[in-house]
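Values in this text are rule-based calculations from the coordinates and carry no lab data. All values derive from a computational prediction rather than experimental measurement. Here the Cβ positions follow ideal geometry from the backbone for every residue, glycine too, while neighbour counts run over all protein chains shown.
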Amino acid sequence: MDLTIDIRFEDIMPKCDIDDLLESLGIENDILKDSLTKLAKAAIEEYILMLTGNTLFSKADEIKQLRLFLIIRRYFEEELPTVQEISSMFHITDTAANTLLKNVLSKYSKGLEKSLNQYIYKMLKSAKYLDKKKVMVCTSPEILARMNQKLSTEAPSLKKVNKVFGSAGEIECSEDTYNKLKELYGPQNGK
């Protein structure tokens, strides 16, 4: 099976970083394309091995964090994967997947702020009204914690978001908290 991938270099790296890349690789500009093609083949093979459950990738958490960061940016296209998707892709438990997500969001927070905001806003938009509260699905304790952290700094007088008692993945909040979260994470903030 042949695989052809067309990548415009400008889409993945600003021109100002080319010299840094050339220096890091220790090559001249005339072989940059061939070098990147080789790196892309190695990366594709690495991802295939990871996705098929090859135990080669149980080495270091930093490698998993980088891979997840790149997967979020390239594969999920500015969305965040669920804990279960991470668990399935990396062949780890939900608890380990949530820890990995937490570490990636912390380590790569600047690069993932837009994805995080979009994920939370999308979750908020899908909320249902039940018993004078807004209920939504959130299976990541890390996302719940981040929402409450944002509330504590931006609107400390509001009640925090809580897990729905007895539910595996639902959270709830008061309507005023919900409205504030939509304001904080909405697209009008330009994040």
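Which ³J(HN,Hα) values in Hz, rounded to whole numbers, follow from the phi angles of region 139-153 under the Karplus curve 6.51 cos²θ - 1.76 cosθ + 1.60, where θ = phi - 60° and Gly and Pro get x?
Karplus values, whole Hz, x for Gly and Pro: 8, 10, x, 5, 5, 4, 4, 5, 4, 5, 5, 5, 4, 5, 8.
Which log10 I(q)/I(0) values, to two decimals, does the chain give at q = 0.19 Å⁻¹ under the Debye formula with one point per Cα?
Once normalised to I(0) and log-transformed, intensities are -1.32.
Under 18 Å from the 7 Å Cα→Cβ point of E113, by amide nitrogen: which residues of region 78-100?
Residues passing the 18 Å test: 78-80.
At a Förster radius of 35 Å, what calculated FRET efficiency corresponds to the Cβ-Cβ distance of R8 and H91, to the nearest 0.05? Write out the running numbers ahead of the final one.
Values: r = 33 Å, r/R0 = 0.94.
For R0 = 35 Å, the calculated efficiency reads 0.60.
With a point put 7 Å past each Cα toward its Cβ, work out how far S167 is from D30 in nm, to one decimal.
My value for the distance between the label points is 6.4 nm.
How far, in degrees from 0 to 90, does helix 32-51 lean away from the longest principal axis of the Cα atoms of the chain, to the nearest 10?
Approximately 50 degrees, to the nearest 10.
Applying a 10 Å radius around every beta-carbon, put 118-130, 86-98 in order of their mean neighbour count, most first.
86-98, 118-130
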